[in-house]
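Visitor: Sharing a structure with you now.
The values are calculated or read from the model by the stated rules, or taken from the named source; none is laboratory data. All values reported here derive from a predicted model rather than from experimental measurement. Backbone-built Cβ (ideal geometry, glycine too); neighbour counts: all protein chains shown. In case anyone asks, the SASA skips ligands and DNA or RNA and just uses the protein heavy atoms, side chains included. Shrake-Rupley method; radii C 1.70, N 1.55, O 1.52, S 1.80 Å.
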Amino acid sequence: MQTELADFIRGTPEGEEAEAILRKCVHCGFCTATCPTYQVLGDDLDSPRGRIYLMKRALEGAPVSGSTRTHLDRCLTCRACETTCPSGVRYGRLVDIGRAVVEARTTRSVRDRLQRAALAFGLPRTSLFRFALRLGQLARPLLPDQLRRKVPPRAVPEGAWPAPRHRRKMLVLAGCVQPALAPDINAAAARVLDRLGISLVEVPAGCCGAVRFHLNYQSKGRDDMRSLIDAWWPMVERGEVEAIVMTASGCGATVKEYGHLLSRDAAYREKAARISAMTKDLSEVMPEAGIGARSSRGRIAFQSPCTLQHGQGIRGRVEALLEGAGYELVPVQDAHLCCGSAGTYSILQPDISKELRSRKLACLQEGQPQAIATANIGCLSHLQGGTRTPVRHWIQLLDEAMAT
Ligand code: SF4
Ligand code: SF4
């Protein structure tokens, strides 16, 4: 697509990157077929092709309005369009640039600003989030059904975190909301890897930066990334850990991009690239051969998060591990489509989010599974809010299989 960038961005690193991406788009529209928001809303401006056109116009200096921003806000950043695009358009990177430009040239309502500021302040702070969650959990019995479904019951680890005892060590990201919502996930990962001869260690650290970055507080999101690098760096520099493991695919997709996101920061560029290179989704550090078939363990539907299949390009790996552990996987239609969670999207775009969740749950439950497995805490909480079928992290199922 021919593009004439406006003076304010021409020649900047962002402008050059955006222009290179825009040039690849041939406007064929193949991507619309796999875009969840286009499927729900049916408006070309809520499809990847339409959004690319809006961003191109904004980067060329055309007037932008609240309507332009709304179409970008409605994008889940699921990146299904990237998987579909035959021309290799890196939509995810373009939308980061486009959103920053549109945000700077429009004004949100006071309510919108307050809501986004509250999310950006509260979610990355684990202690604050845990406190607010506990209050909600205490009030849970008194809440109307609609609201009660939004507050998950209090969760405690189902087993201990084994003390480090192996020569092989890996770091694991604690994350921001996961320790409060599902503290068993990292503990289960530690138990599984401990049985495989690897000690998993956590260091006190905060959010990976995804929350604030994707709320368009991009500079604060980068601050979170730098803080996390600082927390991990001593162990990485001393060569004490062979990998950095992500148990939430949303965080994994972001940390794997640190090298790119901090490439213009001379002080952090090299560290960020090294951190990204060492970062693995949990499924990538599990042995290829899996843990060995056990007795039949029941029917599972696997929901592959967008950040796993589109963001990190990991497909079929978790499914193979679950099957290897004796679980029967039921077929799931439209497995490439987002469940509507998408970080803070379920709060900021509740109607589209709920519609996508209903569609996803219908597909996941069609084969009448005993449980739904996923790889991301956001998807887990979001899906669990819409069904009585238990939704678990796949590592918890593997932990159970290995323990018996
Ligand atoms: S992003 Fe890719 S699939 Fe979509 S219109 Fe552009 S070239 Fe076609
Ligand atoms: S990232 Fe997802 S929601 Fe956004 S345009 Fe692409 S397919 Fe549609």
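Visitor: Using a 1.4 angstrom probe on the protein heavy atoms only, could you order Lys150, Lys24, Lys169 from most to least accessible area?
Guide: Most to least solvent-accessible, the answer reads Lys150, Lys24, Lys169.
Visitor: What is the dipole size for the chain, taken about its Cα centre, with +1 at each Lys and Arg Cβ and -1 at each Asp and Glu Cβ, in debye to the nearest 20?
Guide: It works out to roughly 820 debye.
Visitor: Which trypsin sites (Lys or Arg not before Pro) in segment 204-267 sit in a loop by DSSP (not H, G, I, E or B) and have at most 12 other Cβ atoms within 10 Å of their own Cβ?
Guide: Arg238, Arg264
Visitor: State the answer as a single residue: which of Leu282, Ser341, Leu76 lies farthest towards the positive end of the charge dipole of the chain, with beta carbon charges of +1 for Lys and Arg and -1 for Asp and Glu, about the Cα centre.
Guide: Ranked along the dipole, the leading option is Ser341.
Visitor: Grab the Cα-Cα distance for Glu60 and Ala33, subtract it from 0.36 nm times how many residues apart they are, and report the gain in nm with one decimal.
Guide: Working it through step by step, the gained length comes to 7.0 nm.
Visitor: Counting only GluC sites (Glu not before Pro) that are in a DSSP loop and have at most 10 other C-beta atoms within 10 Å, tell me the longest site-free stretch of the chain.
Guide: Here the longest segment lacking exposed loop sites spans 5-287.
Visitor: With just the Cα atoms defining each centre, how far is segment 220-286 from segment 69-147? Give it in Å.
Guide: Spelled out, the Cα-based centre of one part sits 22 Å from the other.
Visitor: Further question on the same structure: Using a 1.4 angstrom probe, figure out how much accessible area the chain has per residue, in square angstrom, rounded to the nearest whole.
Guide: I get 44 Å² per residue for the chain.
Visitor: If I compute solvent accessible area with a 1.4 Å probe over the protein chains, what percent of it on segment 165-221 is carbon and sulfur?
Guide: Roughly 53 percent, rounded to a whole number.
Visitor: Using only the alpha-carbon atoms, how far is helix 91-104 inclined from the longest principal axis of the chain? Give it as 0 to 90 degrees, nearest 10.
Guide: 60 degrees
Visitor: Next up: Counting only protein heavy atoms and using a 1.4 Å probe, what share of the accessible area of segment 255-404 belongs to carbon plus sulfur, as a whole percent?
Guide: Using a 1.4 Å probe with all protein chains present, segment 255-404 comes out at 48 percent carbon and sulfur.
Visitor: Let me ask something additional. Looking at segment 341-404, which trypsin sites (Lys or Arg not before Pro) are DSSP coil and have at most 14 other C-beta atoms within 10 Å of their C-beta?
Guide: The qualifying sites are Arg388.
Visitor: Moving on. Could you derive backbone 3J(HN,Hα) for segment 366-375 from the dihedral phi with the Karplus parameters 6.51, -1.76 and 1.60 (θ = phi - 60°), listing whole Hz in sequence and x where the residue is Gly or Pro?
Guide: Rounded to whole hertz, the list is 4, x, 6, x, 7, 8, 10, 10, 9, 10.
Visitor: Rounded to the nearest 20 Debye, what is the dipole magnitude of segment 206-250 about its Cα centre when Lys and Arg each give +1 and Asp and Glu each give -1 at the C-beta?
Guide: Dipole of segment 206-250, to the nearest 20 debye: 260 debye.
Visitor: Angle, helix 110-122 long axis vs. longest principal axis of the chain, Cα atoms, 0 to 90°, nearest 10?
Guide: On a 0 to 90 degree scale, this one is about 40.
Visitor: Still on this model: Enter the accessible area of Met235 (Å², nearest 10), with the probe set to 1.4 Å and all protein chains included.
Guide: Ignoring ligands and nucleic acids, Met235 comes out at about 30 Å².
Visitor: Taking every pair of distinct Cα atoms and averaging 1/r, then inverting, what Kirkwood hydrodynamic radius in Å comes out for the chain?
Guide: Evaluated on the chain, it is 22.0 Å.
Visitor: Right, something else. Just to confirm the number: angle between the C-alpha axis of helix 48-59 and the first principal axis of the chain, 0 to 90 degrees, nearest 10?
Guide: 50 degrees
Visitor: Let me ask something else about it. Which whole number in µm²/s is D for segment 274-400 by Stokes-Einstein, with the Kirkwood Rh taken over Cα pairs at 4 °C and 1.567 mPa s?
Guide: 86 µm²/s
Visitor: Spin-label point model (7 Å from Cα, Cβ direction): what's the Asp223 to Ala155 distance in nm?
Guide: 2.9 nm
Visitor: I've got another one for you. In nm, to one decimal, how far is the Ser295 label point from the Asp112 one, both placed 7 Å along Cα→Cβ?
Guide: Roughly 5.7 nm, to one decimal.
Visitor: As a test of the formula, what do you get for the chain when each DSSP H run with n ≥ 4 contributes -39,500 (n - 2.57) and the sum is divided by the residue count, at 222 nm and rounded to the nearest 500 deg cm²/dmol?
Guide: Result for the chain: -14000 deg cm²/dmol, rounded to the nearest 500.
Visitor: Label points 7 Å out from Cα along the Cβ direction at Ala362 and Arg269: separation in nm?
Guide: Placing both labels 7 Å along Cα→Cβ, they lie 5.1 nm apart.
Visitor: How far is the Cα center of segment 358-392 from the Cα center of segment 307-335, in Å?
Guide: When both Cα centres are located, 14 Å separates them.
Visitor: Would you please give the FRET efficiency between Asp7 and Arg238, computed as 1/(1 + (r/R0)^6) with r the Cβ-Cβ distance and R0 = 51 Å, to the nearest 0.05?
Guide: Result of the calculation: an efficiency of 0.60.
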